[in-house]
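One structure below.
The values are calculated or read from the model by the stated rules, or taken from the named source; none is laboratory data. If you're wondering where the values come from, they're calculated on a predicted model, not measured in any experiment. Here the Cβ is made from the backbone with ideal geometry for all residues, glycine too, and neighbour counts use every protein chain on show.
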């Protein structure tokens, strides 16, 4: 251990004169640069630095280093070579040198130490190179010494601890940054790579540009990648980031930037996946706890069918219909997800964070891991599953005589799909057995009777078409109609409305708070008012505009549009967190006779989930529109037919027939000249601009004789 320097020592150099040939240092942008003094000119000194550059500096910017330029180094080239070698050796010796031991020794006395004093603790002899190394290591980001006017002062232990933590964080950040840059470059060169989580920096930059949370860090990474590859990407920041991720293979041409902007989680963490796997294994082995085990009714003998699209994996509703004395017993069976996902589990917290599954033409992001959403919770044909069953006893005219809500155990017999069920209900050749065919026909009779009675109570129906883009494995796009008017979807929809109504009435009767949906009547007679608008898309749009918005509250109130006394959404607990919460409330009451959540808690759930749901709807809507626009490009469609549906906004709106979507457009003549409105008029439209990724779709009315191409 070296001894502490003399307490009375002054932090000054032994020789403080600048003379020709004297080795010195100065700093530029915080970086020390080695030089030799050449000559004094008035109040400045002429220097030659290690890069061979000549410059003039004031004496107060020059730091003296012990030692002089060897006399034999007389030429500019020789002097530059000497300085460069000296600086390089110092850099090598600084690497990995730590000052913690020196700080521990010198921090016993709080005062300013000169570089020489600190160097004499580090080295037994202090020559030019040792002095340089000492000063340069003191100028690094090590936390031990604070720079003063002419020397360095040991920092307090508490400050050193704080700075050590900061330094560790910075070093971790540096390593993560380097890992990301290396992975991107390796990917572009076709070498093995693994993108680290920090790739989100560039994702955000591509989606949000300068508004990204860490845009400066992301931009610096872009610049570094560009510099190392000697390649420049053009455009705005977000476009450059997109192109870099595209070149690295992390993005593709169709990456959904809106999903990134919404910051919706796309993958599940390891803890959640482990919990879901254990839950599934325990359920299959019969060891998963079921609080309703003693009261859950065994309905596995019932003939239950499910009706979904062929692609659906998370099946949460099944139907049964059996004859009873004086009529029928309709069963609507909803997957009892509340019996699987406990309120205090990380998995439940994850469902709240996600709020809903996300369905887009090219991807699906489930609310729960697939082992649960498509496995343990899903009503898979042939497997025993927990359910919340709504039994509706009907007379022979399908009037509802009584309703009951129970927790059950079911086994689906047949998985059916919409297209095949449509064939049955249209009277075409049935792909199903006679028994299943009869069941579907009778369920259709029940559904149409339910719908008719809702209309008799004032329900309003809209006939708007909905078209969805379907993206094939080869990325080829087709268009699929998803209209609620198709019989299979109408059948299932009517059954879900009845189940939701039954749950709402059950909650009202037992004073349970749920997130009820209601809608007040419009202020005008919709049927009468709409007669002045030409029949078709314009009238449908006009009628929807007269309807009041539905609202959510903890009080059961009538829903005008559905023609119901009370209504709640509760039939998709695998897909929507709000439905799962409602299911927990009702299931707990069935077991205990008490409410689980207060009205105030229900309100808090709604306030937490609603903004996320709105965000998800926006992502799904924009994604479908993206692919519809891509479909038009794929088919080289430049001209479209449409119907003007609104004329009183800043720009008129038109419903485009081919893709059943509404856009603004530039008319070739006034849409409403004060004498004759063009509302409801069919128009021919030219696609002026179509850029799906930038969400740009501009339409202009095609004038007579317009030579645009059409499909």
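The single condition from (1) crowded, with 19+ Cβ neighbours inside 10 Å; (2) modelled with pLDDT of 90 or more that residue 415 fails is (1).
Restricted to strands (runs of 3 or more DSSP E) entirely inside region 293-382, those with at least 2 residues that are without any contact (Cβ under 8 Å) to a residue 40 or more places away in the chain are 317-324. Give region 269-292 a look and list any residue that's closer than 15 Å to residue 409 by Cα and without any contact (Cβ under 8 Å) to a residue 60 or more places away in the chain, or say none. Listed by number, the residues that qualify are 286, 288, 289. Only one of 158, 179, 210 is more than 30 Å from residue 86 (Cα to Cα), in a helix (DSSP H, G or I) and at pLDDT below 90; which? From the options 158, 179, 210, the qualifying one is 210.
Taking region 575-616 as the search range and keeping residues that are under 23 Å from the mean Cα position of the chain (by Cα) and free of Cβ contacts under 8 Å to residues at least 40 places away in the same chain, which one is nearest to residue 334 (Cα to Cα)? My answer is 579. Can you spot a residue in region 431-447 that is farther than 16 Å from residue 495 by Cβ, touching a helix residue (DSSP H, G or I) at 6+ places or on another chain (Cβ under 9 Å) and surrounded by fewer than 14 Cβ atoms within 10 Å (Cβ to Cβ)? No, that holds for no residue. The numbered conditions (1) under 21 Å from residue 249 (Cβ atoms); (2) under 20 Å from the mean Cα position of the chain (by Cα); (3) surrounded by 13 or more Cβ atoms within 10 Å (Cβ to Cβ) are all true for residue 197 except (3). Suppose the filter is buried (at least 19 other Cβ atoms within 10 Å of the Cβ), at pLDDT 95 or above and either closer than 30 Å to residue 315 by Cβ or not assigned by TED's automatic domain parsing to the domain that holds residue 292 (or both); does residue 601 pass it? Taking the combined requirement at face value, the residue does not satisfy it. Going through (1) within 25 Å of residue 360 (Cβ to Cβ); (2) touching a residue at least 40 places away in the same chain (Cβ under 8 Å); (3) surrounded by 13 or more Cβ atoms within 10 Å (Cβ to Cβ) one by one, residue 266 falls short only on (3). When the criteria are applied in full, residue 73 meets the requirement of being touching a strand residue (DSSP E or B) at 6+ places or on another chain (Cβ under 9 Å), in a loop (DSSP other than H, G, I, E, B) and without any contact (Cβ under 8 Å) to a residue 60 or more places away in the chain. Of the residues examined, residue 536 is one that is in contact with a strand residue (DSSP E or B) (Cβ under 8 Å, 6 or more places away or on another chain) and surrounded by fewer than 22 Cβ atoms within 10 Å (Cβ to Cβ).
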